[in-house]
Structures are given as structure tokens and as C-alpha cells.
Amino acid sequence: MGNAHTPADDIFYDLVSIQYHALKGAQLYEQYLKDADGHQDVQQFISQVQEEDNRRALQAHELLKQLTREAGGGMS
């Protein structure tokens, strides 16, 4: 018996992976901000990237919810 994977499996995996890495990155940026103490331009850049990752994680979450509803599940 083989392992049959559908394109939908890949979509879920990809979105979960994107969400995980965005959240992990956003968490690490707190340390990066501390490391950049005294360098406002660098802190501003790090904050911007952190916000982008937070938005990316939220968007991946929303897409996962949508795909789950389409597949007949009930993810909130």
C-alpha cells in the first residue's frame, strides 16, 4: 500500500510551515531588538520585519481556516 498524497495535503503542510516559521521569527525578533539597542534605524527595521511576519502568520492561519471549512472540518 503506497502513501498517496494529494495537492491539498501539500497546501496544508505549506501553510502550516509558513505560519510556524513566521511565528518563530516574530518571537526571535524580541532578542534582535535588544541586541540593536542604541541603533534606532536597525530597531525600526527589525520591528517592521516582525510586523510583517505577524501579518504573514495571521494570513496563513486564515487561509488554513478557509481550507479546513472547504474540506468539511471545523477549525477555528
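Descriptive notes on the structure:
- Residues in region 40-57 carry Karplus couplings, in order, of 4, 5, 6, 4, 4, 4, 4, 4, 4, 5, 4, 4, 4, 5, 4, 5, 4, 5 Hz; the curve used is 6.51 cos²θ - 1.76 cosθ + 1.60 with θ = phi - 60°, and Gly or Pro positions show x.
- 34, 24, reordered so the largest accessible area comes first (probe 1.4 Å): 34, 24
The values are calculated or read from the model by the stated rules, or taken from the named source; none is laboratory data. Model, not experiment: these values are computed from the prediction. Accessible surface areas use protein heavy atoms only, side chains included; no ligands, DNA or RNA. Shrake-Rupley method; radii C 1.70, N 1.55, O 1.52, S 1.80 Å.
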